[in-house]
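Q: Sharing a structure below in structure tokens format, with a few things to ask.
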Amino acid sequence: MKVGDRPTGRTVLFSAILPVLLVFFWSAPTSANTFTVIELNIEGGIGVATADYVHSGIEHAVEVGADLVIVNMDTPGGLMKPMREIVQDVLNSPVPVAAYVTPAGARADSAGTYILLSAHIAAMAPTTHLGAATPVPLMGTDRDKDADESESGPAMDLKMMNDAVSYIRGLAERHDRNADWAEKAVTEAATLTAAEALENNVIDFVAKDREEFLKLLDGHKIEVAGETRTLSTETAEVVVFEPDWRIRLLAVISNPEIVLVLGLIGLYGLMYEGWNPGAIVPGVVGIICLLLAAYALQVIPVNFAGLALILIGIALIVAEAYAPSFGALGIGGIAAFVFGAIIMFDSDIPGFGISYAFVIGIALVFAVLVVWLVGFLLKLRRRGAVSGTASIIGGIATAVEDFTGDGKVWLEGEAWQARSALPLTKNQQAVVRTMDGLILVVEPLTDAKESDDR
């Protein structure tokens, strides 16, 4: 095209499309080669909230088309049912899952060992350890629900042990890991350091941090959903998956110490509402706290004999406030509360025990609170009514004028129609004996005192 010629329609169209094509072809290879990694973090005891979090994380990874899920772990163990749910999610995940015990000094004990062995890739940071996967019998858990009524004691423990051995061996064999050691982790509570785990073919890698772990994974082949995949982590983009508000709330309220506090606030809130009807706020707060505590008790291991002791302890503390016994009822109530809380959450499952110091401290605080509260309410009752007819009868009025029969008196900041059979002089005090509609029937104070003395 010569200078000065007008551009043709084809030239204009090509000029408009060319930048778009350049941008597309420039960015397409980079987007295609991006290796997306979703990172999850498990810390503390493994419970229902943990299982929900891992399930949501794997679902999110599938939705966004991620190439790998890394589950960072530092856990002392947890409950059997949530652990099995996590393992099922990992085994059935269409996205490869790598379990990584980190940071340095972390552990994957008990339930954490099962999760580590179930992952497509198992790795540990130096100075970490795993093992001690012996199942813990616990009163009130799924063990009792799944057992036959005729089975108990050693027979039940043996059944649990054999089930755990078969389960953990199956997980290890699925990924060609050391099933014999996995069995010892259950039967002998065996443990291994990171270096020992790698040497004994229990894990696949030892990496000091995530960056080194991703480098080790580059080019690594794994089998997922019946097909072999080669990981290409050189261009890995890591996205941390955070739990939503529901999972965070569940994690908080499933803490035994939080459950105890919620239960106490709920009970005292309802007690205050019962003593002072119409307050509304204590009753509403009490009901909400009790419902949250009741929900949490469904997802953590508890001993209901301990719960009964806690209720007895609260009743004794309240009785001390009503009928002082020189501390006998109060001390008994505090003791029952402390022992009840310890028994209620007395569990060998890590992450679901309770601090003795916390229990004693909370018992003393709430004992002082309930004694003060009941004492305050009793004072209010002894003071009598402060409004309505009951507050007027027996009140001291002042005559506004001289009168015998009908006249006016001043009471509680108001002028009232009054009636007196005896003469009253202005500013003389009188006692209200009864009410006739809105008319006060009064009697001179001096005469009233002499009448009461007689």
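The values are calculated or read from the model by the stated rules, or taken from the named source; none is laboratory data. What you are looking at is a predicted structure, and each value in this text was computed from that prediction instead of being measured. Here Cβ is always computed from backbone atoms with ideal geometry, including for glycine, and neighbour counts include all displayed protein chains.
Q: Please count how many residues of region 255-277 are surrounded by fewer than 19 Cβ atoms within 10 Å (Cβ to Cβ) and within 24 Å of residue 79 (Cβ to Cβ).
A: 3
Q: Sticking with this one: Could you please tell me which pairs satisfy a Cβ distance under 6 Å, a separation of 6+ or placement on different chains, a first residue in region 435-454 that is surrounded by 10 or more Cβ atoms within 10 Å (Cβ to Cβ), and a second residue that is among the basic types (Lys, Arg) and at pLDDT 55 or above?
A: Sorted first by the residue in region 435-454, then by its partner, the pairs are 439/419; 441/419; 441/433; 443/433.
Q: Looking for something touching a strand residue (DSSP E or B) at 6+ places or on another chain (Cβ under 8 Å), polar (S, T, N, Q), under 20 Å from residue 244 (Cβ atoms) and touching a residue at least 24 places away in the same chain (Cβ under 8 Å) - is there at least one such residue anywhere in region 64-72?
A: Yes, because at least one residue in region 64-72 is touching a strand residue (DSSP E or B) at 6+ places or on another chain (Cβ under 8 Å), polar (S, T, N, Q), under 20 Å from residue 244 (Cβ atoms) and touching a residue at least 24 places away in the same chain (Cβ under 8 Å).
Q: So which residues in region 218-235 are in contact with a helix residue (DSSP H, G or I) (Cβ under 9 Å, 6 or more places away or on another chain) and at negative phi, if there are any at all?
A: 218, 220, 231, 232, 233, 234, 235
Q: Say we look at region 101-119 and pick out the residues that are more than 26 Å from the chain's Cα centre (by Cα) and buried (at least 23 other Cβ atoms within 10 Å of the Cβ); which of these is nearest to residue 222 (Cα to Cα)?
A: My answer is 119.
Q: With (1) touching a residue at least 60 places away in the same chain (Cβ under 8 Å); (2) at positive phi as the list, and residue 192 as the residue in question, which single condition is left unmet?
A: (2)
Q: Among the helices (runs of 4 or more DSSP H) lying completely within region 41-132, list those that include at least 3 residues that are in the same structural domain as residue 226 (by TED's automatic domain parsing) and closer than 17 Å to residue 238 by Cα.
A: 48-64
Q: Out of the residues in region 120-132 that are touching a residue at least 60 places away in the same chain (Cβ under 8 Å) and farther than 27 Å from residue 226 by Cβ, state the one that is surrounded by the most Cβ atoms within 10 Å (Cβ to Cβ).
A: The selected residue is 124.
Q: From 207, 225, 251, grab the single residue that is within 30 Å of residue 126 (Cα to Cα), touching a residue at least 60 places away in the same chain (Cβ under 8 Å) and out of contact with any strand residue (DSSP E or B) (no Cβ under 7 Å at 6 or more places or on another chain).
A: Matching residue, one of 207, 225, 251: 251.
Q: I'm trying to understand the selection: among the residues of region 392-424, which are of a type in the set (Gly, Ala, Ser) and either part of a strand (DSSP E or B) or within 14 Å of residue 434 (Cβ to Cβ) (or both)?
A: 394, 395, 397, 399, 405, 407, 415, 418, 420, 421
Q: Next question, about the same structure. Residues 214, 291: which one is without any contact (Cβ under 8 Å) to a residue 40 or more places away in the chain and out of contact with any Gly (no Cβ under 7 Å at 6 or more places or on another chain)?
A: 291
Q: So, one more: Sort out which residues of region 152-186 are polar (S, T, N, Q) and surrounded by 14 or more Cβ atoms within 10 Å (Cβ to Cβ), and write them in order of number.
A: 178
Q: Next question. Going by the conditions given, is residue 302 within 17 Å of residue 264 (Cβ to Cβ) and modelled with pLDDT under 80?
A: Spelling it out, residue 302 is indeed within 17 Å of residue 264 (Cβ to Cβ) and modelled with pLDDT under 80.
Q: Restricting to region 278-314, name every residue that is buried (at least 16 other Cβ atoms within 10 Å of the Cβ), of a type in the set (Val, Ile, Thr) and not in a helix (DSSP H, G or I).
A: If the condition is that a residue be buried (at least 16 other Cβ atoms within 10 Å of the Cβ), of a type in the set (Val, Ile, Thr) and not in a helix (DSSP H, G or I), then 299, 300, 302 are the ones that fit.
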